[in-house]
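Q: Submitted below is the structure of interest, expressed as structure tokens.
Laboratory data are not the source of any read-out in this text; all were calculated from the coordinates shown. Every value quoted in this text rests on a predicted model; they were computed, and no experiment measured them. A quick note on method: Cβ atoms are made from the backbone with ideal geometry, for glycine too, and the neighbour counts reach across all protein chains shown.
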Amino acid sequence: MSSLGEQIDAGFKEALKSRDGVRLSILRLLRTSLKNREVEQRGPLEESEIRTVIRGLIRQGQEAVEQFEKGGRPELAEKEKAEMEILKGFLPPAASETEIRALVDQVIQEVRAVGPQDLGRVMKPVLARLAGRAEGQQVRTIVQEQLTS
């Protein structure tokens with residue numbers, strides 16, 4: 001398993017030793033999700049695949065927070081938020097908007113994009129270079145803004 005997988009295992013063992021219930025439960029869920037993905041793929045996961053699983057769990061947590069807040073259950077929403085923070089600790093730091101805009105400008109020049117019709121030609125290399133450090137929708141919005149201006 002990759003170094004990220006080793007970090008997750010180490011975090012799990014530490015949570016077991018310290019009896020940190022919240023951390024233990026979310027890392028147990030993460031490890032189960034990773035094992036399920038390994039079984040689906042019939043082989044070990046790469047770093048990028050592990051990050052994809054983590055982002056999926058974070059997305060599910062965000063949806064759960066919204067539902068708990070709509071349902072008037074702030075204590076459950078807070079628990080979900082705490083779990084999401086633990087998961088975010090295993091992801092690389094998010095790219096700032098300024099960093100994304102600079103990268104988009106650079107890619108627009110490289111692919112010689114001229115307008116909104118070049119959205120796909122710009123999005124693919126930008127997302128590849130960001131390697132999961134930004135949400136696709138945020139990147140898409142910035143690319144669209146810069147291609148129309």
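Q: The chain: Rg/Rh from Cα coordinates, Kirkwood Rh?
A: Rg/Rh: 1.06.
Q: Relative contact order, percent, of segment 17-113 when contacts are C-alpha pairs under 8 Å separated by at least 6 residues?
A: 28
Q: Quote the charge dipole size of the chain about the Cα centre in Debye, to the nearest 20; the model charges only the Cβ of Lys and Arg (+1) and of Asp and Glu (-1).
A: I would put it at about 320 debye.
Q: If a/c stays under 1.5 just call it rounded; otherwise compare a/b with b/c (prolate if a/b is bigger, oblate if not). Do that for segment 97-148, with a ≥ b ≥ c from the square roots of the Cα gyration tensor eigenvalues.
A: It comes out prolate by the Cα gyration axes.
Q: Next question, about the same structure. Longest exposed-loop-site-free stretch of the chain, with trypsin sites (Lys or Arg not before Pro), DSSP loop and at most 15 other Cβ within 10 Å?
A: It runs 43-111.
Q: Pull out a ≥ b ≥ c, the square roots of the eigenvalues of the alpha-carbon gyration tensor of segment 42-120, then state rounded if a/c is under 1.5, prolate if not and a/b is larger than b/c, and oblate in the remaining case.
A: On the way: a/c = 2.65, a/b = 1.76, b/c = 1.50.
Note, shape of segment 42-120 comes out prolate.
Q: Considering only L91, G120, Q67, whose Cα is most displaced toward the positive end of the charge dipole of segment 49-149, charges sitting on Cβ of Lys, Arg (+1) and Asp, Glu (-1)?
A: G120
Q: Going by amide H atoms built from the backbone, whose H comes under 5 Å of the H on A134, apart from near neighbours?
A: Sorted by chain and number, the residues that satisfy this are A95.
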